[in-house]
Amino acid sequence: MNLNLYGHDGAWLMVDCGITFDAKIDDQQAHKFDIVAADPSFISKRKEQLCGIVISHAHEDHIGALARLWRRFKADVYTTPFTAEILRRKFQREGEKRPPVIHEVTEYEIHHIGPFEVQWHPMNHSLPEPFGLSLKTQAGSVFHSADWKLDNKPVLGKPLNPNALKRLTRYNFLATVCDSTNALKPGYSLSEHDCYEGLKAHIAQAQGRVAVACFSTNIARLISLARIANETGRYFALLGRALENTVAVARLTGHWPEDLTIQDPNTVGYLPPDEVLVAVTGSQGEERAVLNRMADGYYRQIDLDKGDTVIFSSVIIPDNELKIERLVNKLKAHNIAVVQAETSNIPVHASGHPNEEELRHFYKALQPQIAIPTHGEAAHMERNAQIAKECHVPTQLTGFNGDLFKIAPEAQVIKGFAPVGRIPLAE
């Protein structure tokens, strides 16, 4: 649930405003989900000092809380066209009569927001328009990576490789704030193209219907599935409102290829099983999502039968293990074949985050004076800091939520600078 604040010259700039999902188990072992956001009280008490809100990309852990919390800030928002359209729909659903001014930006565009000069740098991730941010002030410059990876063969967007990172050296960054999600994983993350090839291999040999569960914002994965449907003689459909919404936004903003057709979900259930490929919501075992309802046999548009295949094209998010295990057991009880990324011998999921070697390229290319790991558990951030040290970054600052990382005129961490809290947004 990312919410970052950068302070300089009496002003604050917010980068991202996301949510997380907390799984709770009561005495009957039934799951209950609270949608949770970071407590914004520190900046809401100083909203006259908030000069703007920048959203790096459209994943829920970076964008999901803004429509609920924006009334506490009342600041302009800066983001890219795809993310802006996702945001507008969120504000509409919230019934906001006076939504924020949203400034749409493009790659390498520069905006002066209060005392900050902000520039958008294209990265690779698993959805359209992921951007890193250079934040320039009189005290120095920071590169905020947001979520990223190296990918020479992305399905969506331009390739990002070590040479592309080296172009950032000229900015002479004082500090980098970098994604730590996969810092414990050796080597490189898989290319989205490798995932496409792996999914195609599984789907080409499947006999009945194939349902692929993936994150609704992963437009690159959905484009791969639509192409695979064409190549394997299947009709492709989207099952779940979140999937339909994000693909609609991708079409509106020019990210969906015009030659890829999508079948009406109301008709896909009448097609021969071996001609059906559907993308479904519910990769994390969510009780009310499409895949769980299909497993229980009461999803109205299509049934899953013996001989069909379900592919989990996603990673298991920590704390969701039990829910996913229950879902998989229900599917297997109906003799439905299940393929999971963790056990498949060919790739069916590609992470959108950098492994160890990608982090090494990052630090060697940008050559910051200070490394500030973020976006991960304590072990991930500690490993990120260690990699930075191995790459001869002079200073590494690690801490916890609520700490202030002071980078100029001297680097230090001020512990417990802001009260740390979590606020439930829904149940």
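The values are calculated or read from the model by the stated rules, or taken from the named source; none is laboratory data. All values derive from a computational prediction rather than experimental measurement. In this analysis, Cβ positions are derived from the backbone assuming ideal geometry, glycine residues included, and neighbour counts consider all displayed protein chains. What goes into the accessible areas is simple: the full protein's heavy atoms, side chains included, and nothing from ligands, DNA or RNA. Shrake-Rupley method; radii C 1.70, N 1.55, O 1.52, S 1.80 Å.
(1) in contact with a Phe, Trp or Tyr (Cβ under 6 Å, 6 or more places away or on another chain); (2) surrounded by 15 or more Cβ atoms within 10 Å (Cβ to Cβ): which one isn't true of Glu109, the others all being true?
(2)
How many of the residues in region 97-137 are of a type in the set (A, V, I, L, M), free of Cβ contacts under 8 Å to residues at least 40 places away in the same chain and within 29 Å of Ile407 (Cα to Cα)?
The number of residues fulfilling the criteria is 3.
If Asn329 passes every condition in (1) over 25 Å from Asn182 (Cβ atoms); (2) assigned to a loop (DSSP other than H, G, I, E, B); (3) modelled with pLDDT of 95 or more but one, which one does it miss?
(2)
Just one of Thr343, Thr398 is open to solvent by 20 Å² or more (accessible area, probe 1.4 Å), in contact with an Asp or Glu (Cβ under 7 Å, 6 or more places away or on another chain) and closer than 23 Å to Lys185 by Cβ; which is it?
Criteria check complete, one pass: Thr398.
Would you be able to tell me the number of residues in region 138-153 that are open to solvent by 30 Å² or more (accessible area, probe 1.4 Å) and either touching a residue at least 60 places away in the same chain (Cβ under 8 Å) or closer than 19 Å to Thr217 by Cβ (or both)?
Final tally of qualifying residues: 2.
Applying the selection to region 221-235, what residues are in contact with a helix residue (DSSP H, G or I) (Cβ under 6 Å, 6 or more places away or on another chain) and open to solvent by less than 10 Å² (accessible area, probe 1.4 Å)?
Residues satisfying the conditions are Ser224, Ile228.
Limited to region 252-290, what total is found for residues that are more than 15 Å from Arg221 (Cα to Cα) and not in a loop (DSSP other than H, G, I, E, B)?
Residues that pass the stated criteria total 10.
Which fully enclosed helices (runs of 4 or more DSSP H) of region 41-140 have 3 or more residues being within 24 Å of the chain's Cα centre (by Cα)?
Once the helices (runs of 4 or more DSSP H) in region 41-140 are filtered for at least 3 residues that are within 24 Å of the chain's Cα centre (by Cα), what remains is 60-63, 66-69, 81-93.
Identify, by number, the condition in (1) assigned to a strand (DSSP E or B); (2) more than 30 Å from Ala204 (Cα to Cα) that Pro318 doesn't meet.
The one condition Pro318 does not meet is (1).
Restricting to region 403-427, and then to whatever is charged (D, E, K, R) and part of a strand (DSSP E or B), can you tell me which residue is nearest to the chain's Cα centre (by Cα)?
Residue satisfying both the conditions and the ranking: Arg422.
Test Leu156 against the criterion of being open to solvent by 10 Å² or more (accessible area, probe 1.4 Å) and either at pLDDT 95 or above or outside any strand (DSSP E or B) (or both), and give yes or no.
yes
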